[in-house]
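Below is one structure, written out as structure tokens; the observations come after it.
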Amino acid sequence: MDIHLMDITLRDGEQAVGVIFSRWEKLQIASHLAHMGIPSLEAGFPALGPEEQDAVRSIVNAHLQVGGSQIPLEVYAFARARREDVRDAAQCGVHGVVISISTSDTHIERKFRQTRAWVLERMEEAVDEAKRHGLSIIVSAEDASRSDLGFLTGYYRRAEALGAQMVRYCDSLGVNDPFTTYRHIQQICQAVSIPVQLHMHNDFGMATANVLLGLRAGARAVAASLGGLGERTGNSPLEEVVMALKHLYGVDLGVDTTRFREAAEYIAKASQRAIPVWKAIIGSSIFAHESGIHADGILKHPHTYEAFSPEEVNLERQIVIGKHSGTHALIHKFSTEFGIPLDGETAGRLLERVRAAAVELKRPLFDKELMLLYRAVIHRTV
Amino acid sequence: MIPFKLDEGLPEDMLNSPIRHSVYIDDTTLRDGEQTAGVVFANEEKIHIARLLAMLGVHQIEVGIPAMGGDEKEAIKAIVRLELPTSILAWNRAVVDDVRHSLDCGVDAVALSISVSDIHIQHKLRSTRQQVLDAVQRSTEFAKRHSLYVSVNAEDASRADPEFLLEFARAAKEAGADRLRYCDTVGVLDPVETYKRVKLLVDEAGLPVEMHTHNDFGMAVANALAGLKAGATYVNTTVNGLGERAGNASLEELVMALQYCEGICLGFRTSLMRELSEYVALASGRPLPPSKPVVGSNLFIYESEGRASGVVRDPATYEVFLPGEVGLSRRFNVGKYSGPSVVAQKLREYGFHPTEAELRQLVPMLRSRAIALKRSLFDQEVVEEYRRLSHTN
């Protein structure tokens, strides 16, 4: 199945409060994304001014290739539905432009203080300008999820008739539940024949589920960001979409998932937004097991508590010894790491000490602390 | 079972499935949350979190695992002694001895947990389906004889044979169980598959169903909602989504999604959410990301012109709920993506009223400044730049 992936870290991601990438960092991030096999990205918003234009141009001029292939990375720029924004984008030499304007009545009336007809006119002008420059065109509807569906499909149909290559559906405020997304996308896919791209925000924690339901309904493109960086709660994290497609639906998009963590770490440093240790797919602790039941299961058979192997995303499995550990994990740790065979009784007594110490210290135990407790237990035995 | 088909048609009842029944929240921050590798709450922290959860309004608090003994048992007893206006549930393996520990603690409800997938039964339990059925019946009957409310936890239900899961549910019901917890233990469902499986269970088993979902592919909240749409009545949540691996369905996301995506108001004191989230973040040693849905510190800060220009005219353009509803507040910040609306708003806060011409000059200057510094600007930096500009003019 052909699903078109676009990363928008460099535009929507950078729009997150307090996040600014330097030109060099933007280029590095683009390079990371291209190398792992992401075919297209939104590199920036040239209308912001000369610095941004320089940054976008340097990505274009790097002539990055996708994965190990000879296929050139498609570089898009973001533009409001204005001729001058599109011109700024074109001057950066990009492959394509994302033309964006709000389509919800709430935005049209209260933000623009305008009419639906005005919105259509603005979009038409911007598309016309983009065509003059020979750009590939994605027409985006901001706040699509709160728009009148009749007006929205009309807007997309108009964009298709004018020559757009793709239309973007934005759940700008992340208000959709997945089944609502499905209904909307199903109707839109009936109205247009060009691919529909999904751009979902995470305000209620459902961005990834919304993307997947949109794909189930017939959308064939996704605009996501690695690590989920974006306005407010961010976007659907690209790594979640890629891994869910691979493991839940058997659709492999050919992305090198072992590169997720390194690229996400780079973005985290450049944006000063740490990756939470529990972040799905790329968090450093998602393969750490402490509780007796889980560790016991993992030691017997990793599939009991892992949906995929840590190697696939370049992480490591860890068995942590702490309050919730059980005797099996202790016995395993002592025999494999310290070469000390523990009998069941010693393990039981050691476990009591371990739990008490972990509660008192409010954390798992270091190896040296474990050894100290082990010695104390042994000496009492003697 | 897996892989699911991406392009199959979906039935109308799934696509139009408003939640028409009551929804109950059973929060497990103190059990599954604490089970997270590296997380340990002090006993007094457990007690404080229980208090906050009760104040927020959750219906049941899963407090811990009495069979662990020692400190854990003391913490549970202390929470029971608070006489909070919620049910207090303790987690147990489906073993009579575990339930005895729960009885010692004085809780009114127990979860009796056992795996129901073949992969768990064979590789972890090294047991048989029949032994699983026997264990759940024996422990349920024992708990019911002692008048406990019983939730039977079907661990790894999402990877279980659906026929066996039904058999398990019927056996539990026969033994007197009050509800069944459907666990997507490794987080491998999407909302469509969740809906299908839970609907079958609700229709066929005749037991109230509770959703327990994990976030391994980022879909815990959406899956919990899908389960509710399919007829489940309880949800097992954790504050901040704390939990094994990538965590559980987050309490604050679920409660707000119920209200603003599904139109179900639970009547919770949501203004406590930020405080509760901060407390759990500190106690668990897992800091809240500024982008955390519902309670993240950055959610109501306006920096980019697109959003700010809408919000200064009418917050409804970009806010689904007001910041005060979750204990946050609205603020404007000048950064790279800021334009005249943000800058004007910021200067107004300091008693200045810049003209349009001034803003046209000021915005590119501030933008270059932010890019050069690689950060948003402090208010004073914006004000000084404006002062300089109005002097030169």
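Across peptide A:319-327, the average count of Cβ atoms from other chains found within 10 Å of a residue's Cβ is 4. Counting only DSSP beta bridges whose two residues both lie in chain A, roughly 5 percent are antiparallel.
For the pair A:Ile340 and B:Ile2, label points projected 7 Å from Cα toward Cβ lie 3.8 nm apart. Backbone amide hydrogens, once placed in the peptide plane, bring A:Gln65 within less than 5 Å of A:Leu73, excluding anything fewer than 5 places away on its chain.
Structural descriptor for chain A: relative contact order 13 percent, calculated from alpha carbon pairs under 8 angstrom and at least 6 residues apart.
Compared with the dominant Cα axis of chain A, that is its longest principal axis, helix A:207-216 is turned about 60°.
Taking all Cα-Cα distances within chain B, those exceeding 37 Å account for 33%. Rounded to whole Å, give me the distance from the Cα center of region A:133-168 to that of region A:178-202. Measuring centre to centre over Cα atoms gives 12 Å. Phi-derived couplings, Karplus 6.51 cos²θ - 1.76 cosθ + 1.60 at θ = phi - 60°, listed residue by residue for region A:254-266: x, 7, 7, 5, 5, 8, 3, 4, 5, 5, 5, 5, 4 Hz, with x used for Gly and Pro. Computed over neighbours whose Cβ is under 12 Å from that of B:Ser341, the net charge equals +2, Lys and Arg +1, Asp and Glu -1.
In region B:150-177, which residues have a backbone nitrogen under 12 Å from the label point lying 7 Å from B:Arg129's Cα in the Cα-to-Cβ direction? Answer for region B:150-177: B:160-169. Projecting the Cα atoms of A:His133, A:Ala164, A:Phe204 onto the dipole axis of region A:119-246, where Lys and Arg carry +1 and Asp and Glu carry -1 at the beta carbon, places A:Ala164 farthest toward the positive end. If you look at the Cα atoms of region A:235-314, you get an Rg and a Dmax of 13.8, 40 Å. Net charge of the neighbourhood of B:Arg179, taken over other residues with C-beta under 10 Å away and scored Lys/Arg +1, Asp/Glu -1, is -1.
Counting Lys and Arg as +1 and Asp and Glu as -1 over every other residue whose Cβ lies under 11 Å from the Cβ of B:His214, the net charge comes to -4. Counting, for every residue in B:310-320, the Cβ atoms of other protein chains within 10 Å of its Cβ and taking the mean gives 5. Annotation: peptides B:339-350, A:32-43, ranked by per-residue average of other Cβ atoms within 10 Å with the highest first, follow the order A:32-43, B:339-350. Each residue of region B:100-108 was assigned a 3J(HN,Hα) from its phi angle through the Karplus expression (A = 6.51, B = -1.76, C = 1.60, θ = phi - 60°), giving 4, 4, 5, 4, 3, 7, x, 6, 9 Hz with x at Gly and Pro.
Hydrodynamic analysis of region A:141-300 uses the Kirkwood radius over alpha carbon pairs. Inserted into Stokes-Einstein at 4 °C and 1.567 mPa s, it gives a translational diffusion coefficient of 76 µm²/s. Judged by the ratio a/c of the largest to the smallest principal axis of the C-alpha gyration tensor, region A:64-215 counts as oblate, that ratio being 1.5 or greater while a/b is no larger than b/c.
For region B:225-241, putting each phi into the Karplus relation 6.51 cos²θ - 1.76 cosθ + 1.60 with θ = phi - 60° gives couplings of 4, 4, x, 5, 5, 7, x, 5, 10, 10, 10, 9, 10, 9, 5, 6, x Hz, in residue order, rounded to whole numbers and with x for Gly and Pro.
Convex hull volume of the C-alpha atoms in region A:163-256, normalised per residue: 99 Å³. For the residues A:Ser236, B:Ser329, a 1.4 Å probe over the protein chains yields an accessible-area ranking, largest first, of B:Ser329, A:Ser236.
Which entries of A:Lys26/B:Lys292; B:Lys77/B:Lys144; A:Lys300/A:Lys362; B:Lys173/B:Lys292; A:Lys246/B:Lys124 show an alpha-carbon separation above 31 angstrom in the structure shown? From the list (A:Lys26/B:Lys292; B:Lys77/B:Lys144; A:Lys300/A:Lys362; B:Lys173/B:Lys292; A:Lys246/B:Lys124), the Cα-Cα distance tops 31 Å for B:Lys173/B:Lys292.
Distance between the C-alpha centres of region B:1-67 and region B:325-393: 42 Å, rounded to the whole angstrom. Amide H contacts for B:Leu89 (H built 1.01 Å from N in the peptide plane; partners 5 or more residues away or on another chain; cut-off under 5 Å): B:Ile61, B:Glu62, B:Val63. Here B:Val107 sits with roughly 10 square angstrom of accessible surface, probe radius 1.4 Å. Taking the Cα centre of region B:1-145 as origin and assigning +1 to Lys and Arg Cβ atoms and -1 to Asp and Glu Cβ atoms, the resulting dipole is close to 420 debye.
Assign one of three labels to region A:241-382, namely rounded, prolate or oblate, based on the Cα gyration tensor with a ≥ b ≥ c the square roots of its eigenvalues; rounded applies when a/c is under 1.5, prolate when it is not and a/b is larger than b/c, and oblate otherwise. Prolate shape, in that a/c is at least 1.5 and a/b is the bigger ratio. Computed over the protein assembly as shown, the P(r) curve from all C-alpha pair distances, binned at 20 Å from the origin, holds 17, 48, 28, 7, 0 percent per bin.
Shape class of region B:9-139 from the alpha-carbon gyration tensor: oblate, with a/c at 1.5 or above and b/c at least as large as a/b. Taking only the C-alpha atoms of region B:284-393, the Rg (one decimal) and the largest Cα-Cα distance, Dmax (whole number), read 15.1, 54 Å.
If the viscosity is 1.306 mPa s and the temperature 10 °C, what Stokes-Einstein diffusion coefficient in µm²/s follows for chain A when Rh is the Kirkwood radius over Cα pairs? Once the numbers are plugged in, D ends up at 69 µm²/s. For the protein assembly as shown, the dipole from Cβ point charges (+1 on Lys and Arg, -1 on Asp and Glu) about the Cα centre works out to 1000 debye, to the nearest 20. The mean number of partner chain beta-carbon atoms within 10 angstrom of a residue's beta-carbon across peptide A:269-281 is 5. Computed over the alpha-carbon pairs of region B:167-261, the distance histogram in 5 Å steps reads 3, 16, 26, 23, 17, 10, 4, 1 percent, short to long. Take every Cα pair under 8 Å whose residues are at least 6 apart in sequence, average their separation, divide by the length of chain B, and the relative contact order is 13 percent. At R0 = 45 Å, how high is the FRET efficiency between B:Asp118 and B:Arg330 if r is their beta carbon distance? Nearest 0.05 is fine. In this case the efficiency is close to 0.30. The order of the peptides A:332-343, A:307-318 by mean Cβ neighbours within 10 Å, most packed first, is A:307-318, A:332-343. The distance from the alpha carbon centre of region A:53-73 to that of region A:276-301 is 37 Å, rounded to a whole number. Here region B:224-284 was treated as a single set of alpha-carbon atoms; its pair distances binned every 5 Å from 0 give 4, 17, 26, 26, 16, 9, 2, 0 percent.
The values are calculated or read from the model by the stated rules, or taken from the named source; none is laboratory data. Computed from a predicted structure; not experimentally measured. Reconstructed Cβ throughout: ideal geometry from the backbone, glycine too, with neighbour counts over all protein chains shown. When the accessible area is computed, the model is the full protein with side chains, heavy atoms only, and any ligands, DNA or RNA have been set aside. Shrake-Rupley method; radii C 1.70, N 1.55, O 1.52, S 1.80 Å.
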